[in-house]
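Colleague: Sharing a structure, written as structure tokens. Questions coming.
The values are calculated or read from the model by the stated rules, or taken from the named source; none is laboratory data. These numbers come from a predicted model, not from an experiment. Note that we place each Cβ from the backbone using ideal geometry, even for glycine, and neighbour counts take in every protein chain shown. Side chains included, ligands, DNA and RNA excluded: accessible areas come from the protein's heavy atoms. Shrake-Rupley method; radii C 1.70, N 1.55, O 1.52, S 1.80 Å.
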Amino acid sequence: MGSRFIRKVRTASGAVAVQIVDQTGRTTTSVEHIGSANTDAELALLLRSAEQRLHPGQQAFDFGDVEQEPVSLDQVADWTKPAELSNVHPDRGRPRTGTTGAAKVVASPAAELWDILTAPYARLGFEVLDDEGFRGS
């Protein structure tokens, strides 16, 4: 089954290219270039044009006073600026190991799931066995 979507890509010149992409699985079958934008206004126009090409004849609801968030060039990653690539290995494109960051894990969905799964184990009194292998199976 194929999918079609709109893609925004930063170009080598720093502009943002708007494209309609057709994919089947993980394979890109075609790319239709709509245009390149250098300002937020140009980007908004290109995105509107891409939407009309992606869904021809489809009408939009009028939501009255509800404002849509304006589109900004800043929302598209800029690989042309070296500051954004400071933690990427030039030969592999992966983050370097050993870099420190401000991120901290405060909770894990896996820990919550484990608590849910082990609650009946404790309620049935199997904790007296003190066997982690049995508990995990």
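Colleague: Mind checking the per residue accessible area of the stretch 1-60 for me, 1.4 Å probe, whole number of Å²? Mind dumping the intermediate values first?
Modeller: Values: 3940 Å² over 60 residues.
Heavy-atom accessible area per residue stands at 66 Å².
Colleague: Just to be sure I understand the model, the point goes 7 Å from the Cα along the line to the Cβ. What's the resulting Val21 to Glu127 distance in nm?
Modeller: 4.9 nm
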